[in-house]
1. Enumerate the calculated ³J(HN,Hα) couplings along segment 261-267 in order (Karplus 6.51 cos²θ - 1.76 cosθ + 1.60, θ = phi - 60°), each rounded to whole Hz, writing x wherever the residue is Gly or Pro.
2. Which residues' amide hydrogens lie under 5 Å from the amide hydrogen of GLY374, considering only partners 5 or more residues apart or on another chain, with H built in the peptide plane?
3. Expressed in nm to one decimal, what extension gain is obtained for the pair ARG334 and ASP313 from 0.36 nm per residue of sequence separation less their Cα-Cα distance?
4. Please work out the Cα center distance from segment 353-424 to segment 287-310, rounded to the nearest Å.
5. Need one number: convex hull volume per residue for segment 354-398, Cα atoms only, in Å³.
6. Per residue of segment 193-207, what does 6.51 cos²θ - 1.76 cosθ + 1.60 with θ = phi - 60° give for ³J(HN,Hα)? Whole Hz please, x for Gly and Pro, Karplus curve as stated.
7. Please arrange MET335, MET240 by counting, for each residue, the other beta carbons lying within 10 Å of its beta carbon, fewest first.
8. Taking H placed 1.01 Å from N in the peptide plane, check which residues at least 5 places from VAL281 or on another chain put their amide H under 5 Å from its amide H.
Amino acid sequence: MKPIEMDIWRPKADDPRYAEYVGSRTGVEVFKEVEQRLDGMGLLPDEYLILAPEWEGGKELPRDADIFVTTDYGENEGIYLDAYLRWYEDGKRVTQSFLTGKTLEETGSALDRMFLISSAITKAFHGYGQPGGDGALLCLSAAEKQKIVEALVEKRERMLSQTGSVEKLLRRTVGSITAYMDTVGERPLRISAYDKAVLAIHDSELEAFRELLPKVTDHADELLVETAGHAGAVGRKMLMCLLAETQRFSEAAYFDASKRAVEIGDAERVKFLMEQYASHVTEPDAGYYGKVIDRACAENKAMGFALIAQAPDEWIAAAPTSLLVRMSCGGELRMAQMLINKGLQPGANAENVLQNLTCDRRNQWMAEQLLENGMEVGRNDWRALNACVVNGATETAKLLLDQGMDFEEYLAWRQNHDRRTVPLGVIETLTQYAQEPKQEHEQGMAFGGMQP
């Protein structure tokens with residue numbers, strides 16, 4: 001199995017025989033690959049494995065960073081492993097936490113297992129052999145090893161509904177996916193080509209996957225989700241092989257695959273799937289792109305922002321209005337304005353957008369700027385106006401009145417729908433403003449806003 005890489009290298013355009021550094025992978029993407037490697041071997045810590053907060057949100061790893069792992073008892077309870085990144089900046093060595101794993105047990109065997117997990121992480125990055133064992137390291141003769149393999153295979157056949165942990169142990173005991181399939185293959189009809197393909201994905205066996213792919217075209221949707229969610233360069237190549245082999249997927253499976261790519265933090269894979277969507281889905285949904293971008297913004301802010309900036313206007317215009325609400329909740333004015341410029345409007349969510357921006361007086365200027373630069377609000381959207389009134393955002397409310405809202409109609413609506421206390425003087429100020437001749441107001445934009 002190839003070691004996990006932290007730097008990104010690609011063949012040089014002028015001489016493909018040589019590679020050039022083009023950047024670093026994100027912390028989330030590398031962490032997801034570590035997590036999948038451990039899970040595939042049945043070596044995830046019992047309590048948790050978490051990424052250090054400083055690497056969340058799409059932050060890239062430092063160039064030429066190295067990793068080392070420590071294992072010890074905690075101060076309170078449980079046993080911990082900590083993986084650290086180490087690199088040089090301005091000639092000085094920098095060390096920073098990368099991930100932490102924990103088990104609540106404090107037995108000797110639990111400590112041994114955590115050291116085994118630490119060893120597996122180290123080997124995953126440095127490529128020194130394969131980790132083995134599950135709670136203990138066993139030195140077996142060839143005959144003893146064969147007996148264990150045969151017993152596990154028999155158990156797998158009897159317990160088809162509980163094969164997950166058995167298959168992981170089989171793979172680790174035999175040592176490779178090829179040997180595993182050869183062993184299980186001695187019992188015909190017990191494992192399908194699809195099962196073998198899934199195992200090849202989990203074990204990053206690209207050649208085995210390629211050989212099996214023509215036999216499993218009827219499972220294209222399931223394999224699309226599996227390959228899209230398998231972190232690392234091998235998973236990306238498997239996905240490309242599958243798309244080259246299969247012309248059409250269901251919309252639901254394609255969206256699930258895109259979500260999996262978002263979850264592992266692979267921005268390039270997400271972009272690739274989005275670019276291939278229209279030519280690989282039987283019944284394309286115009287809202288697909290916006291839903292993927294919305295999911296990316298929720299999972300990985302840096303990835304989401306990059307997708308918004310690069311997306312064509314028609315992708316954004318069809319996005320769910322919740323995406324604009326999400327940007328307003330986070331105070332991301334630049335991204336919210338970009339969404340509006342690309343055609344996304346709040347629609348029925350105008351109340352939520354204005355509520356989020358006017359509830360804090362320090363952010364009310366953002367609401368005013370969006371309204372002045374293209375954000376559209378329905379003339380009879382009294383709830384949107386009410387959010388401004390209740391929050392005391394008189395200047396924002398004035399913009400809505402300038403754009404055509406009738407304040408007397410709003411007050412009549414408010415009598416039957418909201419009796420909350422309004423900050424002192426707000427109603428009076430807006431009533432007086434609404435009664436003033438329009439020419440005395442600042443010349444506002446036409447309703448819905450115009451670009452400056």
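1. Karplus-based 3J(HN,Hα) across segment 261-267 equals 5, 5, 4, 8, x, 9, 5 Hz.
2. For GLY374, whose amide H was placed from the backbone, the distant partners under 5 Å are MET450.
3. 6.0 nm
4. 28
5. 60
6. Those phi angles translate into 4, 5, 4, 5, 5, 5, 5, 4, 5, 4, 9, 6, 8, 4, 5 Hz.
7. Going from sparsest to densest Cβ surroundings: MET240, MET335.
8. PHE249
Every number in this text was worked out from the coordinates using simple rules, so none of it is lab data. Keep in mind that what you see is a predicted model, and the values were worked out from it rather than measured. Reconstructed Cβ throughout: ideal geometry from the backbone, glycine too, with neighbour counts over all protein chains shown.
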